[in-house]
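Have a look at the structure below, then the notes.
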Amino acid sequence: MLEWHHAWLWPAASREQGADVPGMLVSTDDIAVRFLDRFGRRRELAVIEAADVPFEELAPLDRPIPYPGRKSFVSNAWASATDQSMACGSLRQQHCAMLLDRDPAVGLRSAGPMELRWSLQGRRHSLRPGFVVSRAGQREVVCVQPEELTDQWRHGQEVLSVAAAADWQIRVLVPPGGVELDNLKLLYAARSPQWLTAGQDQVLAKQFHPPRTIRSGVRAAGLPSLLGLDLAYHLIWAGRLHTDMCIPLTPSSTTWADAGAFA
């Protein structure tokens, strides 16, 4: 199971109409949410009227557009659990989509399906969260933390906490970096179970109790080295095997299964 080392959850605001956050000048009455409905029509509702809108099933409000002069800066992130394709407008958003896909509690999801809009001191403001997901039966609005935490970012998070009156949870994801990101990309490439042969996964997983290197476990299972390595990565992705994600992932990485997995 994925550990949310790169996330934290904002508690929902009061569910009463007009609820706000101390020090804020914006209430739920001031916030609207814009989205495309199932028929592709652009809609806008007061945030307190949007609790039943299935944002995690809707298309993005706008498709990400590459920067001028670049062939593409938009990367589709495939959700292996739900077979959904999400267009991510930045690498940071794509890396967070990988984190979401590793969480078995996350079901349906959509990238950028909503935009919050409000006015403050005569100026119009807007915020488009990175994702909306269904996680363990609860709707979560997921924000991708930027590299620089500006006053605009902090103000947007405060507004989101007010908008939680629509019965959302607010989650902030910090994209992984360095070795952890390199490992995540390796596992993401092996995430699809479609190429697995029945029974191979169980044979391989049993070799890792007690812990041993991936290479030695593949040999003990009698599997071809490349096939066995990909399968081991898939099992780590799925949480059936474990390794230290802070150390570069190689065939020599020590890997283990849960003690009670084969009891």
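The values are calculated or read from the model by the stated rules, or taken from the named source; none is laboratory data. Quick caveat, the model's predicted, so the values are computed rather than measured. Glycine also receives a Cβ, built like all others from the backbone with ideal geometry; neighbour counts cover every protein chain displayed. Remember, those area values only see protein heavy atoms, side chains included, never the ligands or the DNA or RNA. Shrake-Rupley method; radii C 1.70, N 1.55, O 1.52, S 1.80 Å.
Residues that are on the phi < 0 side of the Ramachandran plot, among the hydroxyl-bearing types (Ser, Thr, Tyr) and modelled with pLDDT of 90 or more: does region 94-115 have at least one? Break it down stepwise before answering.
Initially, region 94-115 is screened for residues on the phi < 0 side of the Ramachandran plot, giving 94-111, 113-115.
Pick out the ones that are also among the hydroxyl-bearing types (Ser, Thr, Tyr) and you get 110.
This time we only want the ones that are modelled with pLDDT of 90 or more, so: 110.
Checking region 94-115: at least one residue is on the phi < 0 side of the Ramachandran plot, among the hydroxyl-bearing types (Ser, Thr, Tyr) and modelled with pLDDT of 90 or more.
Quick test for you: out of Ala198, Ala165, pick the one residue that is over 14 Å from the mean Cα position of the chain (by Cα), over 15 Å from Glu115 (Cα atoms) and surrounded by fewer than 21 Cβ atoms within 10 Å (Cβ to Cβ). Outline the logic, then answer.
Working: Ala165 fails: surrounded by fewer than 21 Cβ atoms within 10 Å (Cβ to Cβ).
Residue meeting the stated conditions: Ala198.
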Condition (residue is in contact with a Phe, Trp or Tyr (Cβ under 7 Å, 6 or more places away or on another chain) and either closer than 28 Å to Arg139 by Cβ or of a type in the set (Gly, Ala, Ser) (or both)) applied to region 210-228: is it met by at least one residue?
yes
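Of the residues His125, His155, His95, only one is open to solvent by less than 40 Å² (accessible area, probe 1.4 Å) and in contact with a His (Cβ under 8 Å, 6 or more places away or on another chain); which? I'd like the intermediate steps shown before the answer.
Numbers: His125 fails: open to solvent by less than 40 Å² (accessible area, probe 1.4 Å); His95 fails: in contact with a His (Cβ under 8 Å, 6 or more places away or on another chain).
From the options His125, His155, His95, the qualifying one is His155.
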Test of understanding: among Leu173, Leu127, which residue is under 22 Å from Arg42 (Cα atoms), touching a residue at least 24 places away in the same chain (Cβ under 8 Å) and either touching a Leu at 6+ places or on another chain (Cβ under 8 Å) or of a type in the set (Gly, Ala, Ser) (or both)?
Leu127
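Select, from Thr254, Thr213, the only residue that is of a type in the set (Ser, Thr, Tyr), in contact (Cβ under 8 Å) with a residue 40 or more places away in the chain and either within 22 Å of Ser80 (Cα to Cα) or open to solvent by 60 Å² or more (accessible area, probe 1.4 Å) (or both).
Step by step, each of Thr254, Thr213 is checked, and only Thr254 is of a type in the set (Ser, Thr, Tyr), in contact (Cβ under 8 Å) with a residue 40 or more places away in the chain and either within 22 Å of Ser80 (Cα to Cα) or open to solvent by 60 Å² or more (accessible area, probe 1.4 Å) (or both).
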Please list, ordered by first then second residue, the pairs with beta carbon atoms under 6 Å, 6 or more apart or interchain, first in region 54-65 and open to solvent by less than 70 Å² (accessible area, probe 1.4 Å), second among the β-branched types (Val, Ile, Thr) and modelled with pLDDT of 90 or more.
Phe55/Val132; Glu56/Val132; Glu56/Val133
